[in-house]
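These notes concern the structure reproduced below.
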Amino acid sequence: MDWNVGRRTVLKGAIAAGAGIVLPGRALAVDASASSLNPYERKIMDVAARQAERVGNKVWRTDLVGVADFAQPSWKPRLHFANIETGTVRSFLLAHGRGSDPEHSGWLQRFSNTPGSEATSRGAFLTCEWYKGKYGTSIRLVGLDEDNSMALQRAIVMHPAWYVDQTMIEKWGKLGRSEGCFAMSNSNFNEALWHLSGGRLLYADRIGEDETWAASPQISEPEG
């Protein structure tokens, strides 16, 4: 795979690539219990709406936005699907890169856009086409910000992984780590294929349940 392929080529192949993949024949039903958002979920919804407005026509669809909150540890659901049209939020487990957490504490320590860092990048990503990779069906991502501009070249994607599972948390107290990719559980990844792929927005940053996280020391990404 040539990861230096131009963005236009990647996006042009989205529909054709997705057409050849067979998924379980079900649609995601709106969870009625999610209609009443708690303060944290409202914050996630606000972030999703602001980021969708910021990136504008760089994404194709703004009905649903994925928000990865890396202020949360890996043992908590921190990938949120914010449905702007229905006002609902659904949350899933998500791994971060080993370069973002060298001591494997379960907390993201830093972001990086550097090739070879194996770290997670922050910023807005455009979700593109499906393809078959090391972990099976995966979603290619294009970075839309300076902080994640190397996503395509770094092969930063969304994919399922065995090390993202509740059983890992029960045994080790945290999830395993990716090589910088957005890794979900095998059981939940079809939700991303059905509802987040195909030109939608995935936004990653430290957000947090309240404003106290912003006052705590945060390690920014070294570029070298």
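The values are calculated or read from the model by the stated rules, or taken from the named source; none is laboratory data. Because the structure is a prediction, the values reported are computed rather than measured. Every residue, glycine among them, receives a Cβ derived from its backbone with ideal geometry; neighbour counts consider all protein chains shown. When the accessible area is computed, the model is the full protein with side chains, heavy atoms only, and any ligands, DNA or RNA have been set aside. Shrake-Rupley method; radii C 1.70, N 1.55, O 1.52, S 1.80 Å.
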Some residue of the range 114-129 being modelled with pLDDT under 95 and either of a type in the set (Lys, Arg) or farther than 19 Å from residue 149 by Cβ (or both): yes
Leading residue by the ranking (most open to solvent (accessible area, probe 1.4 Å)) among those in the range 148-186 that are more than 19 Å from residue 98 (Cβ to Cβ) and outside any loop (DSSP other than H, G, I, E, B): 170
Those residues of the range 80-100 which are among the hydrophobic types (A, V, I, L, M, F, W, C) and closer than 16 Å to residue 52 by Cα, in sequence order: 81, 82, 84, 89
Pair list, Cβ under 7 Å, 6 or more apart: the range 103-124 residue among the β-branched types (Val, Ile, Thr), other residue modelled with pLDDT of 95 or more and in a loop (DSSP other than H, G, I, E, B): 120/70; 120/96; 120/108; 120/111; 120/180
Residues satisfying the stated conditions in the range 114-138, i.e. open to solvent by less than 30 Å² (accessible area, probe 1.4 Å) and either touching a Gly at 6+ places or on another chain (Cβ under 9 Å) or acidic (Asp, Glu) (or both): 117, 119, 120, 121, 123, 124, 125, 126, 127, 128, 129
